[in-house]
Amino acid sequence: MNVRKFTASTSRGAWSLVREALGPDAVILSNRAVADGVEILALAGEDMASLAEPFVEKTISETTLASLSPNYKPAQSEPLAISAPVPAVALPQSALGEINAAELHDVMKEIRSMRGMLEMQLAELAWTDQHKREPAKSSVLREMLAAGFSASLSRYLIERMPAGASKDSGMEWIKTILTRNLATIDNENEILEKGGVYALVGPTGVGKTTTTAKLAARCVMRHGPGKLALITTDGYRIGGYEQLRIYGKILGVMVHSVKDEADLRIALDELKGKHTVLIDTVGVSQRDQMVAEQIAMLTGAGSQVKRLLCLNATSTGETLNEVVRSYMGNGLAGCILTKLDEAATIGSALDVVIRQKLNLYYVANGQRVPEDLHVANQQYLVDRAFKLKRETAPFQFNDAEIPLVMANTARAMNDKSLREVILG
Ligand SMILES: Nc1nc2c(ncn2[C@@H]2O[C@H](COP(=O)(O)OP(=O)(O)OP(=O)(O)O)[C@@H](O)[C@H]2O)c(=O)[nH]1
Ligand SMILES: [Mg+2]
C-alpha cells in the first residue's frame, strides 16, 4: 500500500495535486492543517481495491458501517453526527503469532490510517448527502465559510438552523444568532464617561498608538485636555515615545514615559486625579514570553488598569485565537478591532470575538486620527461580514470540496466555546 503525502497552501490546491498524481479514484486518508497550508494523505484507488481483499471487504461491510455510526443509513436521513469512534479492528490470532513488533507497529499504523479514512469518508458521505437533502443549508454554510467564519462554528450553527428554512430565512437566522452573541459596549459612555485607567495592548503594529491617539482625541473633545493623561511604555524604541508625544502635543495633553512596573506605579499615583488615563504599550508578539511580563507589569501597578486588546482584523482566525489566549491573563476588559478597512473578510475576527466572549469596544477602519474609530455595532459588523466582496476564488470552496472541509471538523466540535453559543 503506497500512502502519499500532498501539501499545498489551500485544501483546493492539495486536492488538485492528489487528483493529478493519483487520478479521480484517489482515496483521502487524512486532511489536516499544517504550518504551511494543508496536508492530505491519499491512496490510489487501485491500492485501496487490492487492500479490500480479503481484509477490508469483510470488515467494512454495510453492517459494520451501521455499527460504527448509529446515524449511518445509506443515502438517507440525519447522518450528520459522525461522532461514534470507529472500533479498532482485531487481527486474527494466527497472524499475530507470526509478526514481530516492527511489523505490528506498521500494521497498527495502517489500521489507524484506515480508521481515519473511514471516519473522514463517512463524514464526507454525510455532508454530500446533506447537500442533496437540504441545499439551502449548504448555501448558508458556504456563505459562512466564504465570510471567514470557522468551519466548526459554521457547522455548529448549520446543524441547529431551523429545518426547512429557505436560504434567505436561514441567512437571517444565522445573522440574528451571530449578532446576539457578539458582545459590545452599549455606547461609549462606558469608557468616556466612566473614565479609569485603560492600557491598549497587542502584537506589534496592530494600531495601539494610533488607537490611543484616537481615543485621547475623543476624551479631549468631551472633557477637555485637563482630565486626561497619556502614558507610554514604549520609551526605549527609537521614535516610540515621540510618536505619542506628537499626538499629545496636538491635543495639549502631557505624555509620560515609563520603563517598568515601579515607574508605572509612581506615574499612576501622580495621575490619580485624572478622569481618564490611557496607556500605550510597546507591541509584543503573542509568541513572546514578554507578554506575560507585560501583563504582570500592568496588573501589578496598583490602580485598576483595564486592558483593551487590539486585534488586527486582517489576521487569520488561528492567529487571532493565539493572540487572545496569550493576552488573556487574568481577564481582558475588552478588545478593539483594528484595520477593518484592510480586511478582505472579517468573519474570522468576529468568530474569535464571539468564541472568546470578548467585549468589543471599538472598531478602527483607517489611519486618520481621530475620525477612523467607531463604537462597535453588532448588526453592522455581522451584515458587513457577509457583504464584503470576495474575489479571491482560490480561497473559496466549491460544492464538491465542502464535504471534505466539514469532514475535518470532528475534533473542533468538542470545543467548549461552541456549546456556549446562545441560540435562542
Ligand atoms: N488601514 C489602517 N491602518 C491603521 C489602522 N490603525 C493603525 N493603522 C496604521 O498601522 C500602522 C501601525 O500603527 P501603530 O499605531 O504605530 O501600531 P502599534 O500597534 O502602536 O505598533 P507598535 O507600537 O510598533 O507595536 C500605522 O501606519 C498606522 O497608521 C487602521 O484601522 N486601518
Ligand atoms: Mg506603538
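Taken together, the values in this text are just the output of simple stated rules run on the coordinates, not laboratory data. Treat the numbers as computed from the prediction; the structure is a model and nothing was measured. A quick note on method: Cβ atoms are made from the backbone with ideal geometry, for glycine too, and the neighbour counts reach across all protein chains shown.
For the peptides 286-293, 322-329, the ranking by mean Cβ contacts within 10 Å, running from highest to lowest, is 322-329, 286-293.
Measuring against 22 Å, Cα to Cα, the residue pairs 227/339; 214/387; 132/416; 227/272; 5/132 contain 227/339; 214/387; 132/416; 5/132 as the ones spanning a longer distance.
Given R₀ = 30 Å, FRET efficiency for residue 16-residue 163 by Cβ-Cβ distance, to 0.05? Once rounded, the FRET efficiency stands at 0.30.
As a ratio to 2.2 N^0.38 Å, the alpha-carbon radius of gyration for segment 189-376 is 0.95.
Between residue 183 and 360, the built amide H atoms are under 5 Å apart, and every one of these is 5 or more places off in sequence or on another chain. For residue 306, the residues whose amide H sits under 5 Å from its own are 197, 198, 199, ignoring neighbours fewer than 5 places away on the same chain, with H placed 1.01 Å from N. Values of log10 I(q)/I(0) for segment 101-209 across q = 0.20 Å⁻¹ run -1.05, by the Debye formula with one identical scatterer at each alpha carbon and no solvent.
What shape does segment 320-424 have by the C-alpha gyration tensor, where a ≥ b ≥ c are the square roots of the eigenvalues, rounded means a/c under 1.5, and otherwise prolate means a/b greater than b/c and oblate the rest? Judged from the Cα gyration tensor, segment 320-424 comes out oblate (a/c at least 1.5, b/c at or above a/b).
For the chain, the relative contact order comes to 18 percent (Cα pairs under 8 Å, sequence separation of at least 6).
Of all DSSP-defined beta bridges confined to the chain, some 35% are antiparallel rather than parallel. Under the shape rule built on the C-alpha gyration tensor, where the axes satisfy a ≥ b ≥ c, the chain is prolate, since a/c reaches at least 1.5 and a/b is greater than b/c. For a straight C-alpha distance cut-off of 15 angstrom, the aspartates and glutamates reachable from residue 194 (same-chain residues fewer than eight places away being disregarded) are 186. Ranking of 191, 111, 246 by neighbouring Cβ atoms within 10 Å, starting from the fewest: 246, 111, 191. What shape does segment 246-347 have by the C-alpha gyration tensor, where a ≥ b ≥ c are the square roots of the eigenvalues, rounded means a/c under 1.5, and otherwise prolate means a/b greater than b/c and oblate the rest? Verdict is oblate for segment 246-347. The gain in end-to-end length when the residue 419 to residue 193 segment is fully stretched comes to 77.9 nm, 0.36 nm per residue minus the alpha carbon separation. Under a model in which nothing but the beta-carbon of Lys, Arg (+1) and Asp, Glu (-1) is charged, the chain shows a dipole of about 1500 debye around its Cα centre.
Legend: translational diffusion of segment 304-352 by Stokes-Einstein, Rh = Kirkwood radius over C-alpha pairs, 4 °C, 1.567 mPa s; D = 116 µm²/s.
Once the C-beta distance of residue 398 and residue 46 is scaled by a Förster radius of 35 Å, the resulting FRET efficiency is 0.85 to the nearest 0.05. For residue 104 and residue 371, a Förster radius of 56 Å and the Cβ-Cβ distance give a FRET efficiency of 0.25, rounded to the nearest 0.05.
Relative contact order of segment 189-376, taken over Cα pairs closer than 8 Å and 6 or more residues apart, is 26 percent.
Using the Karplus relation 6.51 cos²θ - 1.76 cosθ + 1.60 with θ = phi - 60°, the per-residue 3J(HN,Hα) values for segment 336-350 come to 10, 8, 10, 6, 4, 5, 9, 7, 6, 9, 10, x, 5, 5, 5 Hz, with x marking Gly and Pro.
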